[in-house]
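> Questions regarding the structure given below will be posed in turn.
The values are calculated or read from the model by the stated rules, or taken from the named source; none is laboratory data. Just so it is clear, the model here is predicted, and its values are computed rather than measured. Here the Cβ positions follow ideal geometry from the backbone for every residue, glycine too, while neighbour counts run over all protein chains shown. Just so you know, the surface numbers come from the protein's heavy atoms only, side chains and all, with ligands and any DNA or RNA stripped out. Shrake-Rupley method; radii C 1.70, N 1.55, O 1.52, S 1.80 Å.
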Amino acid sequence: MRVSLFASTCCSLLLIAGCGDDGANADEVGASADDEATDTETDESSTGTDESEGTTESESESESESESESESESESDTGEPTSWRSALFPEDWTPAFTDDEGRFLHDFSYAGYHNGELPLPADIPGVVRSVLEDGADPSGMADSCPAIQATIDAVAQAGGGVVELPPGSFRCDDRLFVTDDGVVLRGAGPDQTQLWFTRDEGMTGQDHLSFQGSPSAGEDRPLALDGEARSAFIHVESPAELDGLAVGDSVSVGWVITDAFIAEHGMEGTWMAFNGQWRPFFRRQIVDLGCDIPSEVPLCTIVLDVPLRYPAKLRDGASVRRETGYLREVGLESLAISTVSDDYDQAWTLDRTHAVGLIGVADAWVRDVHSFESPNSNDDRQRHLISGGVLVRDSKRVTVADSTMAAPQHRGGGGNGYLFEISRSSEVMTRDCAGLDGRHNFIQNWDFGTTGCVWQRIHSEGSVAHVAASEILGLPAASEFHHSLALANLIEESTLEDGWYAVNRGSYSSGAGHSATQNVLWNNLGSGQGGRIKSYQWGWGYVIGATGLVVQTDPAVATLFEGLGAAPEDWVEGVNEALPLEPASLHAAQLELRLGR
């Protein structure tokens, strides 16, 4: 059954058949939308693979090996198994578990608000102030933007609380900003509170509703030893390197994109946008530090709240930096939102416009927010958004839940039609959300440093790329890892009617190259109508449990350059396995283990 496009009405949109892929993201490097449009050729030849229900592209050795190694989980009264268990997640699994070939699953349990250790808050400390008190018009006839911003500012000045948007239709002719901790915008429900924006001038690279922190990194503190993947311990040379640090501080761990790092991944001539620059790979918090912490080495130690996901090598100038400026404990909930332009052609002149931006936030959330077709729409195309939906960037410990984004006007090149987008962020949880009829409904995009994120029980359907506003030609697309080396992320229990791609994207998107490594697709499904998983990841990637999906993992038969440098073939288990996978949710099982330890 198709998920509804609207919060309160059930509408269908045109699904266009064709072939294609997305183009270069122009964000921050000035690549043009025209350049990106050429990228639509990527999938054109890929549709020649077998699209029968839930098949793999080949009877690969890795699949047959891993199938035989899978463990049965439970048995019926007759002794027959009633479920199956991955060989990489045995009943006695710990985060240190590694098989004989070096394959392992990261601990994904840290994703989300407060690392998944607290539920999203129902009671918000502070004041509650209605936007009606500052003159907002619930009829939608007048511009309510100044009044809503006044309420946001008043709640912020009071030290935080709830900006209440009661039932009504609130028109906003400009933008809204939240820049203070503890401010939550709360409607009466997406079927009762509608917030719709009309501004379509000067909106390239902008968000209509922006929760805006300004994280900045302090002095560079070089590591004294390589940081080990799956370890929460990093080491510095002397007590002087700990000066100015304290338990509770935010830090980032990163390194320089050196020639050696690029060569290690076979990306010479492809990764060029960030060469020679220090990039933050892991956004963390200090839970302990000192020079007397028990350790195997006589160095000073910093203990992090979340383990590293990848080796941080001295070769690349690995270091830790204290961070300040995150916007904390902010949220958006229980309303419908729209940014649709009254000029369809104008919408196509804008790139990377988002309805909601969570920029530089920590312990923040979006829940129960749905896009809708606002009164600003002036045609019968039933569109909800100019381009993007929810963007999370330069952030950590964020949850986006129970929300639907759908039907953007602009699904062309230049970074458009991304409904749920994550960039340069750590431990973001996206759960129970639907992305419908975007270009890439769910996407990791731009730069290194998206790690430890979880997409759980999402529904992705109808991804399509267009090359012009006329939408004469629509090219099938999918949710995907879009830019450089998204690592150690999890997609699980999700319905992927269009699919999910984790491939080498070559020179597209300003040299995205290897877009993924050590990511896990766990217990996902489709309806057998051609939705596909492409997993050609750098090093190891993992597809464990897939029903009704075409699974492609053999780099030798990948389309164009998608499989280049992707050997060994990614691990595959349980494609169209008749019995259910145990546990159904890897994240939930790992969280239970961690909180019980």
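> Among ALA556, SER341, TRP446, whose Cα projects farthest towards the positive end of the dipole of the chain, with charges put on the beta-carbon of Lys, Arg (+1) and Asp, Glu (-1)?
Sorting the options by dipole projection puts first SER341.
> Test of understanding: express the Cα radius of gyration of region 292-451 as a ratio to 2.2 N^0.38 Å, with N the residue count.
1.27
> With each label point set 7 Å from Cα along the Cα-Cβ vector, what nm distance links ASP342 and LEU579?
Using points 7 Å along Cα→Cβ, the separation is 6.2 nm.
> Got a number for the accessible area of PHE233? Probe 1.4 Å, square angstrom, nearest 10.
90
> Between region 223-249 and region 361-421, how many Å separate their Cα centres?
38
> Round to the nearest 0.05 the FRET efficiency obtained for ARG328 and GLU80 when R0 = 45 Å and r is the Cβ-Cβ distance.
0.30
> Right, next: Per 0.36 nm of contour for each residue apart, how much would the distance between ALA188 and ALA122 grow if the chain were fully extended, relative to their Cα-Cα spacing?
22.4 nm
> Another one. Using the Karplus curve 6.51 cos²θ - 1.76 cosθ + 1.60 with θ = phi - 60°, work out ³J(HN,Hα) for each residue of region 230-236 in order, rounded to whole Hz, and write x for Gly and Pro.
Whole-Hz 3J(HN,Hα) from phi for region 230-236: 6, 10, 8, 9, 10, 10, 10.
> A further question on this structure: Report the calculated FRET efficiency for ASP143 and SER470 (r = Cβ-Cβ distance, R0 = 30 Å), to the nearest 0.05.
The value I calculate is 0.40.
> With a cut-off of 8 Å between alpha carbons and a minimum separation of six or more residues, what is the relative contact order of region 219-323 in percent?
Relative contact order comes out at 46 percent.
> For GLN157 paired with GLN529, estimate the spin-label separation in nm (one decimal), with each label point 7 Å from Cα along the Cα-to-Cβ line.
With each label placed 7 Å out from Cα toward Cβ, I get 5.3 nm.
> Okay, moving on. Test of understanding: what is the full-extension gain from GLU592 to ILE293, defined as 0.36 nm times their sequence separation minus their Cα-Cα distance?
Gain on stretching GLU592 to ILE293: 104.9 nm.
> So, by mean Cβ neighbours within 10 angstrom, what's the order for 437-443, 507-513, 296-302 with the highest one leading?
Ranked from most to least packed, the peptides come out as 437-443, 507-513, 296-302.
> Restricting to DSSP H runs of at least four residues, report the calculated mean residue ellipticity at 222 nm for the chain, -39500 (n - 2.57) per run over all residues, nearest 500 deg cm²/dmol.
Here the helix-only value at 222 nm equals -2500 deg cm²/dmol.
> A further question on this structure: Would you indicate which of [x] 55, 38, 21; [y] 35, 31, 24; [z] 45, 37, 22 is the value of semi-axes √(5λ) of the Cα gyration tensor in Å derived from the coordinates of this structure?
This structure yields the entry labelled [y].
> Which value, in debye to the nearest 20, describes the size of the charge dipole of the chain about its Cα centre when Lys and Arg Cβ atoms bear +1, Asp and Glu Cβ atoms bear -1, and nothing else is charged?
My answer is approximately 1620 debye.
> Just to make sure I understand: if all protein chains stay in place, what is the order of SER216, SER535 by accessible area at 1.4 Å, largest first?
Accessible-area ranking of SER216, SER535, largest first: SER216, SER535.
> At 0.36 nm per residue, minus the direct Cα-Cα distance, what do GLN206 and ASN378 gain on full extension? Give it in nm, one decimal, please.
59.6 nm
> Between ALA556 and GLU219, how high is the FRET efficiency from 1/(1 + (r/R0)^6) when r is the Cβ-Cβ distance and R₀ = 60 Å? Nearest 0.05.
The formula returns an efficiency of 0.80 here.
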